[in-house]
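> Below: one structure in structure tokens.
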Ligand code: GLP
């Protein structure tokens with residue numbers, strides 16, 4: 001756990017940051033268990049407020065483990081869940097009733113009669129009364145002792161969406177568009193996601209005697225920062241927790257990464273001025289002031305909290321030039337290395353001139369969204385490129401797309417599979433899960449889209465692999481569990497290709513996401529190969545797959561794209577027909593995946609321009625991941 005002084009100036013909520021979610025939940029589970037046991041010893045009840053979503057899942061696993069291995073009992077515990085979707089009953093696979101049974105209640109000794117979850121299946125004219133009864137029951141039980149919370153990307157707690165006031169109580173609410181988009185994959189399409197939910201109010205949550213808000217992964221970093229560092233506002237209900245007298249935000253390093261203590265450590269203390277930190281602070285200063293790197297002067301440093309830096313590493317002009325050169329050296333049109341060129345300051349080695357390159361894409365489309373132009377260059381420069389899709393991605397195919405494809409097959413006199421698929425789609429209720437056959441059919445759709453997409457990058461079909469990792473085939477979104485067979489399949493591929501370069505993604509993503517799961521599989525696979533002689537000659541490059549780009553100071557290789565390459569990239573992304581309009585929208589003005597991806601690359605190019613480097617049409621970026629020797633170091 002990290003602890004840096006000075007941060008109290010900016011942080012309005014106590015924050016604990018852990019290396020990863022597992023370390024964090026161990027601590028929280030220990031505290032909850034101690035509180036439960038204390039009450040047990042006094043023969044008193046304990047009231048626990050519970051949350052859903054992927055965030056609390058590792059906490060529930062830890063509590064289950066403590067129940068099994070350490071004798072933690074729940075006989076004196078009464079639980080109240082925060083919320084439930086309205087209009088679905090408890091058997092629905094995405095209902096919070098079912099979720100809680102599967103993730104916790106079925107595995108511990110909590111008496112059924114002590115479980116409380118808001119009802120989603122009541123008639124509309126009975127909701128008000130049901131909500132009041134819920135509040136009364138909480139009171140009758142003596143109030144909530146400990147409340148667990150996650151946080152939505154809108155800043156919601158429970159389902160208190162932006163606009164929820166500090167005195168709101170349990171009620172029916174309308175879900176925000178972003179929340180419904182985030183849930184779209186779980187419900188197999190946004191149109192299946194309920195529009196309403198019943199949720200405890202902000203004040204109901206504030207009444208709890210102790211509150212833990214948990215958050216993992218980079219996608220929560222912005223909202224966590226706003227809740228912790230900005231003034232409380234209705235547009236961000238989690239920020240009201242600043243008024244709570246006993247609240248902790250429990251974070252992993254990725255979700256904490258936007259906090260000032262990590263973003264601008266020089267504002268909260270006296271950091272060690274490593275070259276990396278110097279680069280970060282100088283690029284930050286240049287962008288903040290809107291002044292190119294080479295025009296920064298001592299005064300700019302002094303007036304912006306960077307006097308120590310300029311005293312220690314200055315004068316300003318020398319520092320500017322050093323950072324300018326470092327940033328400049330990240331730019332290369334030769335992502336596989338430039339043969340016959342001095343590679344002292346290039347991100348990649350010149351030799352071997354023809355490299356074996358392995359691009360790992362967690363789901364089809366992650367690859368082209370982030371690196372279509374780089375991929376095309378690698379192929380054009382004669383490298384032996386293999387693209388491997390780690391999962392089939394079939395859960396992301398809407399039924400309408402399967403219908404379209406099966407109709408087409410049938411009309412063309414295709415095989416009987418088409419009519420079987422059409423029959424299943426006809427018979428399927430809105431919420432039933434796909435059969436294995438339908439999932440396989442959907443995988444084929446994604447395979448064909450991936451092939452068409454890579455054709456735009458001139459990659460021959462023979463260089464494409466589909467691993468269909470078992471964890472994905474046997475799982476559901478946000479509840480995947482990886483195993484040895486996933487690692488073994490990935491290890492076999494690595495061993496077969498013995499790549500000089502691997503491009504991979506997902507290292508700081510939300511730990512429940514497909515991308516993060518795939519990265520942990522990759523990590524385990526490559527760790528198992530650490531004695532192989534080819535490993536020392538293998539560079540691992542990380543691309544991002546969350547609709548954002550690396551920050552300038554982090555980037556170690558930036559590949560500029562010409563206007564024509566940008567057009568080709570749009571085409572490559574567009575081939576993923578089943579995914580059109582399916583991505584979480586960062587900017588509501590751009591509803592198509594290709595628009596978002598290209599805008600992101602254009603924005604990166606604009607940043608390089610603002611720093612005073614060359615002005616390109618667009619840029620794709622990468623960070624080098626250092627091969628772990630013992631632990632993982634990055
Ligand atoms: C839903 C739940 C919230 C939860 C949020 C975040 O909206 N109602 O209680 O905090 O999702 O979900 P996740 O934890 O999967 O990121």
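> Taking square-rooted eigenvalues a ≥ b ≥ c of the alpha carbon gyration tensor, is the range 476-622 rounded, prolate or oblate, where a/c under 1.5 means rounded and, failing that, a/b exceeding b/c means prolate? Walk me through the numbers before you get to the answer.
Working: a/c = 2.15, a/b = 1.42, b/c = 1.51.
Oblate is the answer for the range 476-622, as a/c is 1.5 or above yet b/c matches or exceeds a/b.
> Averaging over every viewing direction, what projected area does the convex hull of the Cα atoms of the range 270-328 cover, in nm²? Please list the in-between numbers first.
Numbers: hull surface 13.6 nm².
If you wrap the Cα atoms of the range 270-328 in a convex hull and average its projections, you get 3.4 nm².
> Applying a 10 Å radius around every beta-carbon, put 62-73, 40-51, 543-554 in order of their mean neighbour count, most first. Walk me through the numbers before you get to the answer.
Details: 62-73: 15.5, 40-51: 17.4, 543-554: 20.2.
Most protected by this proxy first, the peptides run 543-554, 40-51, 62-73.
> Fewest first, what order do 205, 32 take by the number of other Cβ atoms within 10 Å? Intermediate values should be presented prior to the final figure.
Values: 205 27, 32 24.
Going from sparsest to densest Cβ surroundings: 32, 205.
> By how many nm would the segment from residue 128 to residue 302 grow when fully extended, if each residue of separation counts as 0.36 nm and the alpha-carbon distance is taken off?
Details: separation 174, 0.36 × 174 = 62.64 nm, distance 5.84 nm.
Contour length minus the Cα-Cα distance gives 56.8 nm.
> Assign one of three labels to the range 319-398, namely rounded, prolate or oblate, based on the Cα gyration tensor with a ≥ b ≥ c the square roots of its eigenvalues; rounded applies when a/c is under 1.5, prolate when it is not and a/b is larger than b/c, and oblate otherwise. Could you put the intermediate results ahead of the total?
Details: a/c = 3.50, a/b = 1.73, b/c = 2.03.
Cα axes put the range 319-398 in the oblate bin.
> Distance in nm between label sites at residue 562 and residue 101, each 7 Å beyond Cα in the beta-carbon direction?
6.1 nm
> For the range 356-625, what is the percent of antiparallel DSSP beta bridges, rounded to the nearest 5? Present the calculation step by step, with values, prior to reporting the outcome.
Details: 8 of 25 bridges.
Restricted to the range 356-625, the bridges split so that about 30 percent are antiparallel.
> What is the spread of the Cα atoms of the range 6-261 along each of their three principal axes, largest first, in whole Å?
47, 45, 33 Å, listed from the longest principal axis down.
> Run through the DSSP bridge list for the range 6-261 and note the antiparallel percent, rounded to the nearest 5.
Working: 9 of 31 bridges.
Percent antiparallel among DSSP bridges in the range 6-261 is about 30.
> Then there is this: Would you mind ranking 262, 472 by Cβ crowding within 10 Å, fewest neighbours first? Before the final figure, lay out each step's value.
Numbers: 262 17, 472 26.
Listed from fewest to most nearby Cβ atoms, that is 262, 472.
> Further, regarding this structure: If packing is taken as the average count of other Cβ atoms within 10 Å, what order do 513-523, 337-347, 281-291 fall into, highest mean first?
Working: 513-523: 24.2, 337-347: 14.0, 281-291: 18.9.
So the peptides 513-523, 337-347, 281-291, ranked by packing, come out 513-523, 281-291, 337-347.
> Further question on the same structure: Relative contact order (percent) for the chain, with alpha-carbon contacts under 8 angstrom and 6 or more residues of separation?
Values: 1170 pairs, mean separation 78.3, N = 634.
Reported as a whole number, the value is 12 percent.
> Stretch residue 407-residue 343 to full length: gain in nm at 0.36 nm per residue minus the Cα-Cα span?
On the way: separation 64, 0.36 × 64 = 23.04 nm, distance 5.40 nm.
Computed gain between residue 407 and residue 343 is 17.6 nm.
> Normalising by the residue count of the range 194-352, find the relative contact order in percent from Cα pairs under 8 Å and 6+ residues apart. Write down the numbers at each step before the final one.
Details: 158 pairs, mean separation 22.8, N = 159.
Dividing the mean separation by the residue count of the range 194-352 yields 14 percent.
> Distances longer than 39 Å among the Cα atoms of the chain: what percent of all pairs is that? Don't skip to the end; give the middle numbers.
Working: 71549 of 200661 pairs.
Roughly 36 percent, rounded to a whole number.
> Whole percent per 5 Å bin, from 0 to the bin with the longest distance: what is P(r) over all C-alpha pairs of the range 364-440?
Final binned percentages: 3, 13, 19, 16, 12, 11, 11, 10, 4, 1, 0.
Each reported figure results from applying straightforward, stated rules to the coordinates on display, with no laboratory input. Everything numeric here is computed off the predicted structure, so don't read it as measured data. Cβ: placed from backbone, ideal geometry, glycine included. Neighbour counts: every protein chain shown.
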